[in-house]
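The values are calculated or read from the model by the stated rules, or taken from the named source; none is laboratory data. Only a predicted model underlies this, so the values are computations on that prediction, with no experimental measurement involved. In this analysis, Cβ positions are derived from the backbone assuming ideal geometry, glycine residues included, and neighbour counts consider all displayed protein chains. Note: areas computed on protein heavy atoms with side chains; ligands, DNA, RNA excluded. Shrake-Rupley method; radii C 1.70, N 1.55, O 1.52, S 1.80 Å.
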Amino acid sequence: GFQTCVLTNNWVDDSAGRLFTATLMNLLRRHFDLVIESCRLGARKPDPEIYAYALDALRAKPQEV
């Protein structure tokens, strides 16, 4: 089978609307095997580090994704 992953550039939301953002992220997590958020990792697209992290987390090779 296939694994699905969301790789997103985002930030820690400390605004008044953060409940909406948190709720949205929780809803997304239910539909994907993995959600990688740049703000939690400390790297963002197009930094190769975030892609290497995703490949490692998925236990996949670049040609497989």
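Give the accessible surface of the chain per residue, rounded to a whole number of Å², with probe radius 1.4 Å and ligands, DNA and RNA excluded. The partial results should precede the final answer.
Values: 5210 Å² over 65 residues.
Dividing the accessible area of the chain by its residue count gives 80 Å².
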Simple spin-label estimate for Ala52 and Thr8 in nanometres, 7 Å along Cα-Cβ: 2.5
Per-residue HN-Hα couplings for the stretch 39-52 [Karplus 6.51, -1.76, 1.60; θ = phi - 60°; Hz; x = Gly/Pro]: 5, 8, 8, x, 9, 9, 5, x, 4, x, 4, 5, 6, 4
Apportionment of accessible area to carbon and sulfur, the chain, percent (1.4 Å): 56
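May I ask you to derive the relative contact order of the chain, considering only C-alpha pairs under 8 Å and at least 6 residues apart, and to give it as an integer percent? Can you show the working numbers first?
Working: 53 pairs, mean separation 24.5, N = 65.
Averaging sequence separation for qualifying contacts and normalising by length gives 38 percent for the chain.
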Dipole magnitude of the chain, debye to nearest 20 (Cβ charges: Lys/Arg +1, Asp/Glu -1, about Cα centre): 140
Extreme residue, positive dipole direction of the chain, given options Gly1, Met25, Ala52 (C-beta unit charges): Gly1
Folded to 0 to 90 degrees: helix 18-29 orientation relative to the chain principal axis, Cα: 30
For Val35, residues with placed amide H under 5 Å, excluding near neighbours: Val6
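Using the eigenvalues of the Cα gyration tensor, what equivalent ellipsoid semi-axes result for the stretch 5-58 when each is taken as the square root of five times the eigenvalue, whole Å, largest first?
Values: eigenvalues 88, 42, 7 Å².
Calculated on Cα positions only, the semi-axes equal 21, 14, 6 Å.
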